[in-house]
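The values are calculated or read from the model by the stated rules, or taken from the named source; none is laboratory data. Since the structure is predicted, the reported quantities are computational estimates derived from the model, not experimental observations. Heads up, the Cβs are rebuilt from the backbone with ideal geometry, glycines too, and the neighbour counts pull from every protein chain shown. Just the protein is used for accessible areas: all its heavy atoms, side chains included, with ligands, DNA and RNA removed. Shrake-Rupley method; radii C 1.70, N 1.55, O 1.52, S 1.80 Å.
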Amino acid sequence: MTRSKAPMIAVLVVLVLVAALLGGELFLRQQIKSCLAGQLETEIGSQVEVGLGWKPILISLVDKKVSSVTIDSDDARFGPAEGMTVHAEANDVNLEQTSDSNGTIGSSNADISWSTDGIASTLQSQGIGALVSGVTADQSAGTLSFAIGGLAQLTVKPTVAGSRVDVQTVDASILGLGIPTDLVDSIVGVLSDSLQQYPLDMTPTSLTVTDAGIALNLQGGQYAIPAAQQGQTTQTPEGCGILA
């Protein structure tokens with residue numbers, strides 16, 4: 001009878017070990033996700049959801065490397081922009097911390113959507129929204145139109161030029177007369193500023209005006225996640241202690 005129990009005991013030991021490994025993997029994975037989320041929220045300008053690649057975190061704790069990290073936010077803020085939806089991916093992430101950085105990223109890419117409602121909210125927050133009664137997008141023309149006071153209309157065309165987004169005025173008129181230059185410059189300036197500042201040193205590679213707003217693709221190369229500046233009293237994000 002003792003011999004017959006030996007295989008059963010061995011199986012139970014294996015099951016316990018597997019359960020312990022799985023439990024440890026899930027716990028550590030959550031800790032790493034919390035750590036990265038805390039570090040990347042400053043870059044995105046809002047709370048983010050972080051996902052990790054296929055590589056087991058138990059191995060990552062040894063070599064300090066993660067195959068890939070996905071970053072999602074429904075309310076990202078770049079510069080003055082509000083209401084941007086972001087899905088980003090960072091590859092070849094090294095979690096080893098130094099005095100200068102909290103790790104490095106080998107490459108990155110992101111898809112950004114900025115709805116007409118988000119654009120209107122941004123103008124509102126910048127003190128221009130009271131003058132703008134509506135924002136519409138024309139996919140076929142690749143333009144955005146701003147209804148001003150019910151009588152005037154400003155139409156602009158955003159495009160990628162080099163590594164920047166350029167916003168050109170297509171039409172600005174009130175019943176055939178020109179809109180005041182200061183107002184045009186203010187609206188174009190807010191749009192331009194909102195489309196120039198991106199996380200992880202990424203730059204725009206393509207921009208499409210859809211019927212819902214703007215769709216933008218970004219690409220980035222190697223990037224060092226900034227360490228807390230000397231003298232800053234920032235709290236260490238949850239989960240980062242296991243990487244020390």
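Annotations for the structure displayed:
- In this structure, residue 200 qualifies as open to solvent by less than 20 Å² (accessible area, probe 1.4 Å), closer than 21 Å to residue 219 by Cβ and outside any strand (DSSP E or B).
- Qualifying strands (runs of 3 or more DSSP E) (wholly inside the range 51-166; at least 1 residues being on the phi < 0 side of the Ramachandran plot, without any contact (Cβ under 8 Å) to a residue 24 or more places away in the chain and open to solvent by 30 Å² or more (accessible area, probe 1.4 Å)): 65-76, 84-94, 132-138, 143-148, 152-161
- Scanning the range 35-90 for residues that are hydroxyl-bearing (Ser, Thr, Tyr) and more than 12 Å from the chain's Cα centre (by Cα) yields 60, 67, 68.
- Close Cβ contacts (under 8 Å, 6 or more residues apart or on different chains) running from residues in the range 197-223 that are touching a residue at least 12 places away in the same chain (Cβ under 8 Å) to residues that are assigned to a helix (DSSP H, G or I) and among the small types (Gly, Ala, Ser) comprise 213/118.
- Residue among 162, 213, 221 that is farther than 21 Å from residue 46 by Cβ and either charged (D, E, K, R) or at pLDDT 90 or above (or both): 221
- Residue 212 falls short on exactly one of the conditions (1) more than 18 Å from residue 132 (Cα to Cα); (2) open to solvent by 30 Å² or more (accessible area, probe 1.4 Å), and that condition is (1).
- For the range 22-42, the set of residues classified as at pLDDT below 80 and charged (D, E, K, R) consists of 25, 29, listed by residue number.
- Looking only at the range 179-197, residues that are open to solvent by 30 Å² or more (accessible area, probe 1.4 Å), in contact with a Gly (Cβ under 8 Å, 6 or more places away or on another chain) and more than 11 Å from residue 163 (Cα to Cα) come to 2 in all.
- Taken over the range 91-130, residues that are touching a helix residue (DSSP H, G or I) at 6+ places or on another chain (Cβ under 7 Å) and not β-branched (Val, Ile, Thr) amount to 8.
- Qualifying residue in the range 84-96 (condition: farther than 30 Å from residue 191 by Cα and among the hydroxyl-bearing types (Ser, Thr, Tyr)): no
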